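Working notes for the structure below.
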Amino acid sequence: MSSLGELRKMALNRKGSGIKAATPDNKAAYIFLAPWLVGLVVFTIGPMLASLYLSFTDYNLLKPPVWSGFDNIVRMMNDERLWNSLRVTFTYVVFSVPLQLAFALLVALILDRGMRGLGIYRSIFYLPSLLGGSVAIAILWRQVFGNDGIINGFLSWFGIEGPGWISHPDYALGTIIILHIWTFGSPMVIFLAGLRQIPDMYYEAASMDGAGKIRRFFSITFPLLTPIIFFNLVLQIIFAFQSFTQAYIVSGGTGGPSDSTMFFTLYLYKQAFTQLDMGYASAMAWFLLLIIAGFTAFNFWLSRFWVFYDD
């Protein structure tokens, strides 16, 4: 108590003597943050607000935008190609994301067994994720599944005449789904890190109780890995909805035969930079943002029923 009283007297004496208490100087922090804040306003918030305004206008890049109200929204509701592009995109997301995550988890389980040269294998498997969205890989994929590509060449050895994987509407989307599954490296590395965090004592106790590998996976590995699965699921759904390069290169920029690979982003690109209908493209971009936000919110709500944490 006496020490507390002495501290109060010292504070009062300092205040009475005109000596100000030391205050943190945040000027240096603001100076270092200034480039990032300027970039955030100029390159992110500014363009977003501009696109929001343009979504309510008729703008073709050649003339000043003219306010049109909700005309672009009404047009989207009646655009059959837009709804077809959404159907193609939803099909792509529903099939490619779960298959990619399942394959990534399978590879992570194999690598988690402690094989030699783990770093080399991990780098090799991660490489497709770095190159999967590049133009070069999309061109290579077009050559692999072309009429005279590697796949049909392999089938010809057995006397099988392969179809036009890219030129046929029943197979074109499947080739892009396979390309997405092939870029499993990023979620695989995250799964592998999550597997390394599971304590070995759980598996030892389960083995002593007679639990087999399958039982240990569904009773220990999967429940403790659900936060990592949820994280990868949300990220991969967002990335899948934004896929563009693969569909653009593989289909030659046309959206494939009968619009079978006309992704929403590809249709948005064609409206913006082929038709120069920037107002309509801006409305489509915000529509896509709402779709991704809705899927993300739904996943967060659904996670309470299947995602388990240590606490």
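Quick notes
- Selection count where residues are at pLDDT 85 or above and either of a type in the set (Lys, Arg) or outside any loop (DSSP other than H, G, I, E, B) (or both), scope segment 152-191: 18
- Selected residue (only one of ALA281, ALA240 is closer than 29 Å to GLY174 by Cβ, in contact with a helix residue (DSSP H, G or I) (Cβ under 6 Å, 6 or more places away or on another chain) and free of Cβ contacts under 8 Å to residues at least 24 places away in the same chain): ALA281
- Any helices (runs of 4 or more DSSP H) falling wholly within segment 7-118 and containing at least 2 residues that are surrounded by fewer than 12 Cβ atoms within 10 Å (Cβ to Cβ) and modelled with pLDDT under 90: 27-40
- Any hit, segment 258-265, residues being in a loop (DSSP other than H, G, I, E, B) and aliphatic (A, V, I, L, M): yes
- Residue count for segment 242-259 under the criterion of being crowded, with 21+ Cβ neighbours inside 10 Å and at pLDDT 90 or above: the result is 1.
- The number of residues in segment 266-311 being under 26 Å from THR245 (Cα atoms), outside any helix (DSSP H, G or I) and among the hydroxyl-bearing types (Ser, Thr, Tyr) comes to 0.
- Looking only at segment 146-169, residues that are within 18 Å of PRO257 (Cβ to Cβ) and without any contact (Cβ under 8 Å) to a residue 60 or more places away in the chain come to 10 in all.
The values are calculated or read from the model by the stated rules, or taken from the named source; none is laboratory data. No experiment lies behind these values; they were computed from the predicted model shown. Note that each Cβ is placed from the backbone with ideal geometry, even for glycine, and that neighbours are counted across all protein chains shown.
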